[in-house]
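Enquirer: I have a structure here, written as C-alpha cells, and I will follow up with some questions on it.
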Amino acid sequence: MKSKITGLVILAAIIAAACIYYFGFASRPQTVTINGYLGGEKTGLLEDEQVQEILEDKYHIHIDYFRAGSLEMVEADLTGRDYLFPSSPVALELYRETVGEPVRTEVIFNTPIVLYTYTPVAQAMEQAGYISDLGGGARGVDLKLLAEDILAGKQWSDIGLDSLYGAMTISTTDPVKSNSGNMFAGLLANVLSPDGVADVENIDQILPKLVDIFEKSGYMESSSSDLFNQFLRTGMGARPIMAGYESQILEFASQNPDDWEILKDEIVVLYPVPTVWAAHPYIALDEAGALGIDALMDEEVQAIAWECHGFRTGILSASADISRFDVDGLQSSVTQAVSMPDYDVMARIIEALS
C-alpha cells in the first residue's frame, strides 16, 4: 500500500511538473521573424549570438535580412519586407520621395567615413604633405589636396611609390548603389566646391570633377563589406587607399584578433579633414518592422554594437572610449566633420554618377 501511495505521489509530481512546463511554454510569447534589407557592414552585428539572444529573449523577435546597398534597397521590390536598414539619411529621404512616409524610423548608431591605406603609402603621403597630426596618435588627410591631385592625374611614383602602378586613386563602393561611396561623393563635392558646401548653385561646376574621380577608380563594389574584404585580401598593389566606415576596422580587430595581430602594423586609419558622419537609420515599413527599433535601441545591444562591432552609439556618439580597441590611430572625438549636401544636391550627384 505504501509503495502505491509513493507511486501516486511521484506520478502526481510528474504531471504537475509537466503542466507547469507545458502552460509556461504555451504562455511564452512566440518569436516573430521580421525581414528586410540590410547594409553589408551591419551583418556582423545581426549575426552576433549575444544580440540574437537579447532580441529573442527580451523582445521575442528574430531579424532576418537580405544584404543590399543603401540606395539599392530603396529601389528594390519591397513586397513582404518589414524594414530597411541603410547607412544614410539620403536613403531615408529617397524612400520618402519615392514611396512615402515610413511607419517609424530611428537612427540606431553612427560611424564616420575614414580612409584606409597601408603603411608605405601613408609614409609617402605624409612626406608629400597630405597627412597632418590630429593628436592622440590620430592622423588626418587633406582631402581637398588629395582630390585635386587625383584630378590632375598625379602618379603614385610622383610621391615616391615607384612600386605602385599608374595614377593615384581612391577605391570606393558604387555611389549609385552603396552608401559609403555615396557619402564619399557628397564629401568630395563639399571639399571641391568654392564655398566648402555643395549646393544647387555650384553643383554643376563640381559634377564633372566628381565623374572624373569616380571613373578613375575603375570597377566599384556595391557593398562596403565586400570592398573592405577585398582591400585586406588583395593588398597595397590592388587598392592603395579605400574609403569606408571607421566601424569596419574596429569590428575586424575585435572579431579577428589573431588576423589583426598580423595586419595591425600594415593598415593605417586616416580621418579625412573634413569628414562626414554616416547615420544608420532603421526604416520600419510596417508594424512588425517597427518592433526592431526598440530591440536595436536596447542598452545591451547598443553596448555590443560599439564594443564588438565599432558603431558609435548613444547621445554623445561622436566621443567614445577607444582604448578598448587594439587599433592605432583612432580619434576619440571626431569633430572635424561637415554635413552632407542636401537631398536635391545628392540626387543630382547620383544622377551624374549613374
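Enquirer: Can you find a residue in the stretch 270-277 that is more than 15 Å from the chain's Cα centre (by Cα), on the phi > 0 side of the Ramachandran plot and of a type outside the set (Asp, Glu)?
Expert: So far as the stretch 270-277 goes, no, none of its residues is more than 15 Å from the chain's Cα centre (by Cα), on the phi > 0 side of the Ramachandran plot and of a type outside the set (Asp, Glu).
Enquirer: Going through the stretch 169-192 one residue at a time, which ones are part of a helix (DSSP H, G or I) and over 18 Å from Phe85 (Cα atoms)?
Expert: The answer is Phe184, Ala185, Gly186, Leu187, Leu188, Ala189, Asn190, Val191, Leu192.
Enquirer: Among the helices (runs of 4 or more DSSP H) contained in the stretch 196-273, which hold 1 or more residues that are in contact (Cβ under 8 Å) with a residue 12 or more places away in the chain, among the polar types (S, T, N, Q) and open to solvent by less than 10 Å² (accessible area, probe 1.4 Å)?
Expert: Those helices (runs of 4 or more DSSP H) span 224-234, 246-255.
Enquirer: Can you pull out the residues in the stretch 315-342 that are surrounded by 15 or more Cβ atoms within 10 Å (Cβ to Cβ) and more than 30 Å from Asp265 (Cβ to Cβ)?
Expert: Selection gives Val338, Met340, Pro341, Asp342.
Enquirer: Considering each residue of the stretch 24-75, count those that are closer than 21 Å to Ser87 by Cα, of a type in the set (Asp, Glu) and without any contact (Cβ under 8 Å) to a residue 24 or more places away in the chain, and give that number.
Expert: Count: 2.
Enquirer: Now a separate question. Might you let me know whether the stretch 113-134 holds any residue that is under 12 Å from Ala279 (Cβ atoms), in contact with a strand residue (DSSP E or B) (Cβ under 6 Å, 6 or more places away or on another chain), at pLDDT 95 or above and open to solvent by less than 50 Å² (accessible area, probe 1.4 Å)?
Expert: Within the stretch 113-134 (the criterion being under 12 Å from Ala279 (Cβ atoms), in contact with a strand residue (DSSP E or B) (Cβ under 6 Å, 6 or more places away or on another chain), at pLDDT 95 or above and open to solvent by less than 50 Å² (accessible area, probe 1.4 Å)), the answer is yes, since at least one residue qualifies.
Enquirer: In addition: Step by step: first the residues of the stretch 67-96, then only those that are of a type in the set (D, E, K, R) and part of a loop (DSSP other than H, G, I, E, B), then the one that is least open to solvent (accessible area, probe 1.4 Å). Which residue is that?
Expert: Asp82
The values are calculated or read from the model by the stated rules, or taken from the named source; none is laboratory data. The structure displayed is predicted, hence computed values, not measured ones. As a convention, Cβ positions derive from the backbone with ideal geometry for all residues, glycine included, and neighbour counts pool all protein chains shown. Surface areas here come from the heavy atoms of the whole protein model, side chains and all, with no ligands, DNA or RNA. Shrake-Rupley method; radii C 1.70, N 1.55, O 1.52, S 1.80 Å.
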